[in-house]
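Report on the structure given below.
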Amino acid sequence: MPTPKRRRKLNPRQELFCKLYATDREFFGNGVQSYIEAYNPDRSKPNWYKSAKSVVSIMLTNESLCARINELLESEGLNNQFVDKQTLFLITQHLDFNAKIRAIQEYNKLKSRITDKIELTEKYIILDNKWKKLKSQEKT
């Protein structure tokens, strides 16, 4: 069994970024604003905002940062139990039927009640939007 990778310890600014991104009401889910608040980039430079967006894009692919953000989200209550309750709410509500249908579809997908796979016993191909059976290429 492979050993799990050890996460790199975050520096104070990275930790602040993660906390702002995952838990702060003002910055929640907004990577650029969280970055600006945590790192205070030099706004006198041309294209500073565009640069901040690029840096955030890279930061949000960093394994250590993403793991910390997920820890913070879970500690704030975004976990399987919370999502299950929200899904239940959407399924049982009668105001937004589009949301209700999507929640039912997602529930069925999670429970593997409906699959996207089609299993065929013979080989077929789609030609001109019609299913055609492939001819056997066996030699006699």
| How many lysine pairs does region 1-114 hold where the Cα atoms are under 24 Å apart and the two sit 8 or more places apart or on different chains? | 11
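If you filter region 34-98 for trypsin sites (Lys or Arg not before Pro), then keep DSSP loop positions with at most 12 other Cβ within 10 Å, what is left?
Numbers: sites: 43, 50, 53, 68, 85; in loops: 43.
Passing sites in region 34-98 are 43.
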| query | At what distance in nm do the modelled label points of residue 9 and residue 76 sit from each other, each positioned 7 Å from its Cα along Cα→Cβ? | reply | 2.5 nm
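Working out 0.36 nm times the residue gap between residue 92 and residue 54, then minus their Cα-Cα distance, what length gain in nm do you get to one decimal? Before the final figure, lay out each step's value.
Numbers: separation 38, 0.36 × 38 = 13.68 nm, distance 4.12 nm.
The span from residue 92 to residue 54 would gain 9.6 nm if fully extended.
Classify region 1-118 as rounded, prolate or oblate, taking a ≥ b ≥ c as the square roots of the eigenvalues of its Cα gyration tensor: rounded when a/c is under 1.5, otherwise prolate if a/b is larger than b/c and oblate if not. Provide the component values of the computation, followed by the final result.
Numbers: a/c = 2.34, a/b = 1.74, b/c = 1.34.
Judged from the Cα gyration tensor, region 1-118 comes out prolate (a/c at least 1.5, a/b above b/c).
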| field | Backbone HN-Hα couplings from phi across region 33-49 [Karplus 6.51/-1.76/1.60, Hz, Gly and Pro as x] | value | 5, 5, 5, 4, 5, 7, 10, 6, x, 5, 7, 7, 6, x, 6, 4, 5
| remark: Rounded to the nearest 0.05, FRET efficiency between residue 107 and residue 30 (Cβ-Cβ, R0 25 Å) equals 0.30
| message | Using the crude model of +1 on Lys and Arg Cβ and -1 on Asp and Glu Cβ, and no other charge, please compute the dipole size for region 1-108 relative to its Cα centre, in debye to 20. | response | 500 debye
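Only the coordinates and a few stated rules stand behind these numbers; no lab work does. Values in this document were obtained by computation on a predicted structure and should not be read as measured data. Quick reminder, even Gly has a Cβ in these numbers, built from the backbone with ideal geometry, and neighbours come from all protein chains shown.
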